[in-house]
1. Which pairs have Cβ atoms under 7 Å, sit 6 or more apart or on different chains, and link a residue in the range 178-206 that is closer than 23 Å to residue 245 by Cα to one that is part of a helix (DSSP H, G or I) and of a type in the set (Val, Ile, Thr)?
2. Going by what's in this entry, would residue 206 be described as surrounded by fewer than 23 Cβ atoms within 10 Å (Cβ to Cβ) and at pLDDT below 95?
3. How many residues does the range 130-171 hold that are touching a residue at least 24 places away in the same chain (Cβ under 8 Å), assigned to a loop (DSSP other than H, G, I, E, B) and not aliphatic (A, V, I, L, M)?
4. Among the residues of the range 54-81, which ones are surrounded by fewer than 21 Cβ atoms within 10 Å (Cβ to Cβ) and in a helix (DSSP H, G or I)?
5. For the range 193-222, enumerate the residues that are more than 21 Å from residue 33 (Cβ to Cβ) and either of a type in the set (A, V, I, L, M) or not in a helix (DSSP H, G or I) (or both).
6. Do we have any residue at all in the range 1-15 that's under 30 Å from residue 122 (Cβ atoms) and surrounded by 14 or more Cβ atoms within 10 Å (Cβ to Cβ)?
7. Can you give me the number of residues within the range 129-139 that are hydrophobic (A, V, I, L, M, F, W, C) and over 15 Å from the mean Cα position of the chain (by Cα)?
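The values are calculated or read from the model by the stated rules, or taken from the named source; none is laboratory data. Predicted model, so just to flag it, every value in this text is computed and none were measured. FYI the Cβ positions are ideal-geometry reconstructions off the backbone, even for glycines, and counts take in every protein chain you see.
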Amino acid sequence: MIFDYFRNLRRAKLLARQPLDPDLWKQVLEQHPILARLTEAEAIQLKELTTLFLAEKQFECVQGLVLEPYQKASIAVQACLPVLHLGLDWYADWKTLILTPKEFQDKRRDPDGALVHEYDEELGGQVMELGPVILSWRDVEDSGWGDGYNVVIHEMAHKLDLRSGDYDGCPPLHNGMSYEEWELSFTQAYEDLRGKVGRLGKRAEKMLALDPYAATDPAEFFAVCTEYFFEAPRVLLKEYPGVYGQLCLFYRQSPLTPERVSPERKSS
Ligand SMILES: [Zn+2]
């Protein structure tokens, strides 16, 4: 398509004229342990996506927050990790990120259901269908350390989920993937977690390997599993190997064995 041609041309020019500051990129790689597994080729690809993300998305700060270049790059790199082998066009239907200094209250609940995410009373992140992604900087700071929590990746997973038109924990799958196998793996795992959370009650948070918040509904289960996939893949593989396998196919990444990723499989 002619539109794709001009967009790709614009992106190529931008990468040539405004490359990411090398020192800034070095700092980003060093301060996000979840990026340590990437191959050299993947790191180069992620740097390009991060550069384009910073140029194409709009960052709006509220409540007095001011973001330094490193902070924006930290958000961008974590947002781009899930689409490393999918491409930035998976985020083409939204443009704005709203950043708050810390967790925020859900005071803007939309009766028509446009609001699709909440973390209990205090929100660390939120997405609106076709609308902005809202993130608290304090939660972004807690992300990327390899402990299973990542608010940026969580909200990006919701955006990918919404690409299918439904907020149901199943993004549009690639050719060669099976919706039946996806549903089987995810439903079994989700029901297992719901059962455990129900039995353990208040002890669930301490006793379960996965965040019990994942048992909220299938969409949250997909988002939380995606967090573990990129943050603590061994935990997810041990708990729910079927889900881990489906996420390898969807994200076209194998966090535990990066050499298995085929570099030419970048298109959707
Ligand atoms: Zn969520």
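1. Between residues of the range 178-206 that are closer than 23 Å to residue 245 by Cα and residues that are part of a helix (DSSP H, G or I) and of a type in the set (Val, Ile, Thr), the close pairs are 185/243; 186/243; 189/243.
2. Numbers: surrounded by fewer than 23 Cβ atoms within 10 Å (Cβ to Cβ): yes; at pLDDT below 95: yes.
Spelling it out, residue 206 is indeed surrounded by fewer than 23 Cβ atoms within 10 Å (Cβ to Cβ) and at pLDDT below 95.
3. 16
4. Within the range 54-81, the first condition is being surrounded by fewer than 21 Cβ atoms within 10 Å (Cβ to Cβ), and the residues that meet it are 54-72.
Residues satisfying the conditions are 54, 55, 56, 69, 70, 71, 72.
5. Let us first name the residues in the range 193-222 that are more than 21 Å from residue 33 (Cβ to Cβ), namely 193-208, 212-222.
193, 197, 200, 204, 207, 208, 214, 215, 216, 217, 219 - these are the residues of the range 193-222 that are more than 21 Å from residue 33 (Cβ to Cβ) and either of a type in the set (A, V, I, L, M) or not in a helix (DSSP H, G or I) (or both).
6. As a first pass, look at the range 1-15 and keep what is under 30 Å from residue 122 (Cβ atoms): none.
Looking for residues that are under 30 Å from residue 122 (Cβ atoms) and surrounded by 14 or more Cβ atoms within 10 Å (Cβ to Cβ), one finds none in the range 1-15, hence no.
7. Just the residues of the range 129-139 that are hydrophobic (A, V, I, L, M, F, W, C), to begin with: 130, 133-135, 137.
Now drop any that are not over 15 Å from the mean Cα position of the chain (by Cα), which leaves 130, 137.
The qualifying residues number 2.
Conditions tested, residue by residue: (1) surrounded by fewer than 20 Cβ atoms within 10 Å (Cβ to Cβ); (2) touching an Asp or Glu at 6+ places or on another chain (Cβ under 7 Å).
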| residue | (1), (2) |
| --- | --- |
| 127 | no, yes |
| 136 | no, yes |
| 145 | yes, no |
| 154 | no, yes |
| 160 | no, no |
| 179 | yes, no |
| 190 | no, no |
| 193 | no, no |
